[in-house]
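Everything on this sheet refers to the single structure shown next.
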Amino acid sequence: MTRYLISFNAGAMDHIPEEEIPDVSKTTHAVIQEAVNAGVWVFGAGLQSQRASVVGTDGVVTDGPYPETKEVIGGFCVVDVASREEALEWAAKVAASCRCAQEVRELLPDPEHDAMLRQAGRRW
């Protein structure tokens, strides 16, 4: 199985009228439940873009976001699926439920990371 990040940019859902947000939430949670039931859901969340910070290699913290940043991730989920095609199918379901386009990227495998999690009795 391969993990994929499915994400959308901050502001991508701004076109949705406030009164329709509960329906979008309900539909999106149904897709999440479907992914959980299918055993492919790993994790997902929306992000607070106005609370972003950058920590430099020297430990210095700079608050953001920055005006020159054109796009920041507004929300994401990770699925663990057998193929890119399957990841694209899940992204299509998420896009329909969230009413916004989704970007799909394969997460690079890290066997050492997975081994550490297994040793700790956890799963990604």
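No lab work stands behind these numbers, since they all come straight from the coordinates. Just so you know, these numbers come straight off a predicted model, no measurement behind them. Cβ coordinates were reconstructed from backbone atoms using ideal geometry, including for glycine residues, and neighbour counts include every protein chain displayed.
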Checklist entry - In which sequence would Cys100, Cys77 go, from the one with the fewest C-beta neighbours within 10 Å to the one with the most? => result Cys100, Cys77
Checklist entry - Under a 5 Å amide H to amide H cut-off, with H placed in plane at 1.01 Å, what residues pair with Ile73 once short-range neighbours are removed? => result Ala10
Item to check | Packing-based order for 54-60, 32-38, using average beta carbon neighbours within 10 Å, highest first | outcome: 32-38, 54-60
Next on the checklist: Report D for the chain in µm² per second (integer): Stokes-Einstein, Kirkwood Rh on Cα pairs, 37 °C, 0.692 mPa s.
Outcome noted: 202 µm²/s
